[in-house]
1. Do we find that Pro191 is without any contact (Cβ under 8 Å) to a residue 12 or more places away in the chain and either assigned to a loop (DSSP other than H, G, I, E, B) or open to solvent by less than 40 Å² (accessible area, probe 1.4 Å) (or both) in this structure?
2. Is it true that some residue in the range 122-129 is in contact with a helix residue (DSSP H, G or I) (Cβ under 8 Å, 6 or more places away or on another chain) and closer than 19 Å to Phe192 by Cα?
3. Mind checking which pairs have a first residue in the range 96-118 that is without any contact (Cβ under 8 Å) to a residue 60 or more places away in the chain and a second that is buried (at least 22 other Cβ atoms within 10 Å of the Cβ) and not in a helix (DSSP H, G or I), Cβ under 7 Å, 6 or more apart or different chains?
4. Cβ-Cβ below 6 Å, separation at least six or inter-chain, first residue in the range 62-84 and of a type in the set (Val, Ile, Thr), second assigned to a helix (DSSP H, G or I): which pairs?
5. Please verify whether the range 65-82 includes one or more residues that are among the aliphatic types (A, V, I, L, M), more than 24 Å from His149 (Cα to Cα) and open to solvent by less than 10 Å² (accessible area, probe 1.4 Å).
6. Please identify the pairs in which a residue from the range 152-173 that is at positive phi has its Cβ atom under 7 Å from the Cβ atom of a residue that is open to solvent by 40 Å² or more (accessible area, probe 1.4 Å) and assigned to a strand (DSSP E or B), counting only partners at least 6 apart or on another chain.
7. So Asp141 ticks every box in (1) free of Cβ contacts under 8 Å to residues at least 60 places away in the same chain; (2) under 14 Å from the mean Cα position of the chain (by Cα) but one. Which box is left unticked?
8. Please go through (1) open to solvent by 20 Å² or more (accessible area, probe 1.4 Å); (2) farther than 17 Å from Arg135 by Cα for Glu51 and return the number of the only condition it doesn't satisfy.
Amino acid sequence: MIPDSPLIREATAWMIQIEKEPKHVRHVTLWSTFLFRKLASVHRLPETELELLITASLLHDIGWSTATEERPHHKESARLIREHTWKDLSRSQTEFIALLARYHRKSVPSPTHRRYVNLPKTKKNHLHYLAGILRVADALDRSHCQSLHPGELEIRPGVCLIHVTGQDTGEAQFGIERKGDLFQQAFGCKPFLKPIP
């Protein structure tokens, strides 16, 4: 269940105006929320960080509205989030959400990325956890068909098994193999799907 707050309502309203695939981003948001809660004993982040993750999950693909070959959608999502006039966000929170959206695909945070380098060390750690979750959540709906649904989550030494119901596990597992790198770095375990019969 996705929680409610003024910020989440504001992000949802904007997403509905601009997003071409709202079902996909809502499903990714559902997965992000599930993973955050199930991994709470590992990341130990406050519930306020979930609100930022949900906002980034809802907005991670808005960059498709302005993307070009030279300006890929994940970077455009970050730019649009930064330029939006927010009622319920500080400047540092806006930057943090923009970075989460920026890192939902392609390269992971790097010392060559100026905006990432400028974050305080604690926020960098939070970013690794949350962007790792968002990357896996997005991979879980790689087909954009909302065909997989959360079951349970099992952590074993070096492995995180995500129990799922539904079809299309092959495509999702392929996506996780490509995008699970930051999750593995942050949580110390590699994500895998475990279909529930």
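The values are calculated or read from the model by the stated rules, or taken from the named source; none is laboratory data. As the structure is a computational prediction, the values presented were derived from the model and not from experiment. Here the Cβ is made from the backbone with ideal geometry for all residues, glycine too, and neighbour counts use every protein chain on show. SASA here: full protein model, heavy atoms, side chains in, ligands and nucleic acids out. Shrake-Rupley method; radii C 1.70, N 1.55, O 1.52, S 1.80 Å.
1. Details: without any contact (Cβ under 8 Å) to a residue 12 or more places away in the chain: no; either assigned to a loop (DSSP other than H, G, I, E, B) or open to solvent by less than 40 Å² (accessible area, probe 1.4 Å) (or both): yes.
Answer is no for this residue.
2. Looking for residues that are in contact with a helix residue (DSSP H, G or I) (Cβ under 8 Å, 6 or more places away or on another chain) and closer than 19 Å to Phe192 by Cα, one finds at least one in the range 122-129, hence yes.
3. If the second residue must be buried (at least 22 other Cβ atoms within 10 Å of the Cβ) and not in a helix (DSSP H, G or I), the pairs left are Ala101/His60; His104/His60.
4. Ile62/Ile18; Ile62/Ser77; Ile62/Leu80; Thr66/Glu76; Ile81/Leu59; Ile81/Ile97; Ile81/Ala98; Ile81/Ala101
5. Within the range 65-82, the first condition is being among the aliphatic types (A, V, I, L, M), and the residues that meet it are 67, 78, 80-81.
Next cut, more than 24 Å from His149 (Cα to Cα) only: 67, 78, 80-81.
Add one more test, that the residue is open to solvent by less than 10 Å² (accessible area, probe 1.4 Å), and what stays is 78, 81.
Yes; the residues of the range 65-82 include at least one that is among the aliphatic types (A, V, I, L, M), more than 24 Å from His149 (Cα to Cα) and open to solvent by less than 10 Å² (accessible area, probe 1.4 Å).
6. Correct list of pairs: Gly158/Lys190; Gly166/His149.
7. Of the numbered conditions (1) free of Cβ contacts under 8 Å to residues at least 60 places away in the same chain; (2) under 14 Å from the mean Cα position of the chain (by Cα), the odd one out for Asp141 is (1).
8. The single condition Glu51 does not satisfy is (2).
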